[in-house]
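The values are calculated or read from the model by the stated rules, or taken from the named source; none is laboratory data. Computed from a predicted model, the values in this text were never measured in an experiment. A quick note on method: Cβ atoms are made from the backbone with ideal geometry, for glycine too, and the neighbour counts reach across all protein chains shown. Heavy atoms of the whole protein, side chains included, go into the accessibility calculation; ligands, DNA and RNA do not. Shrake-Rupley method; radii C 1.70, N 1.55, O 1.52, S 1.80 Å.
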Amino acid sequence: QVQLVESGGGLVQPGGSLRLSCAASGIIFSIYAMDWYRQGPGKQRELVAAITSGGRTNYADSVKGRFTISRDSAKNTVYLQMNSLKPEDTAVYYCHVKHLSRDYWGQGTQVTVSS
């Protein structure tokens, strides 16, 4: 079955950096687009960044220039490098893939930006 396992969240001060990882199994990773979403306190889940199988990327306006999504097909892993973090980036971050018309989500990893 499809499994997505995130890691790398934590507590960081404003202006700091974190790198999230999402290890995928149960799919032919290299042929799928992969996404990162987040859900902040009292907010709806929103798309943060996406990467196609060919490496084309797309970002939410709120994170452009600060976040970078990448993928390593040899490791079946997608990454989210987050720089210049702001308190408003505080959220649970989820990895996502659509496989055979079904949405699959990881368990989420908490990112807290606070001084």
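Label SER53 and LYS98 with points 7 Å out from Cα along Cα→Cβ: what is the distance between them in nm?
Label-label distance for SER53 and LYS98, simple model: 1.4 nm.
Which number comes out as Rg/Rh for the chain once both Rg and the Kirkwood Rh are worked out on C-alpha atoms?
For the chain, the value is 0.95.
Roughly what would the spin-label model give for ALA23 and ARG45, points 7 Å off Cα along C-beta, in nm?
According to this spin-label approximation, the distance is 2.2 nm.
Taking Cα pairs under 8 Å and at least six residues apart, what relative contact order does the chain come out at, in percent?
Relative contact order, the chain: 36 percent.
Apply 1/(1 + (r/R0)^6) to the Cβ-Cβ distance of ALA74 and GLN1, taking R0 = 30 Å, and write down the FRET efficiency to the nearest 0.05.
Efficiency, from the Cβ-Cβ distance: 0.85.
Dipole magnitude of the chain about its Cα centre, charges +1 at Lys/Arg Cβ and -1 at Asp/Glu Cβ only, in debye to the nearest 20?
Charge dipole of the chain: 120 debye, to the nearest 20.
Rounded to the nearest 10 Å², what accessible area does ARG45 show when all protein chains are kept and the probe is 1.4 Å?
Surface accessible to solvent at ARG45 totals approximately 90 Å².
Could you state how much accessible area VAL5 has, in square angstrom rounded to the nearest 10, with a 1.4 Å probe and all protein chains kept in place?
Here the residue's solvent-accessible area equals roughly 80 Å².
Would you mind listing how long region 6-64 runs along its three principal axes, going by Cα atoms, in whole Å with the largest first?
Principal extents (Cα only, largest first): 36, 23, 23 Å.
If you rank LYS64, LYS86 by how much accessible surface each has, with a 1.4 Å probe, what is the order from largest down?
On the way: LYS64 115, LYS86 80 Å².
The most accessible residue leads, giving LYS64, LYS86.
Under 17 Å Cα-Cα from LYS75, which aspartates and glutamates qualify once same-chain neighbours fewer than 8 residues away are excluded?
Excluding near neighbours in sequence, the set is GLU6, ASP35.
Give, as ranges by residue number, the residues of region 20-48 whose backbone N falls under 19 Å from the point 7 Å along Cα→Cβ of GLU88.
37-48
Would you check the accessible area of LEU100, probe 1.4 Å, heavy atoms only, in square angstrom rounded to 10?
140 Å²
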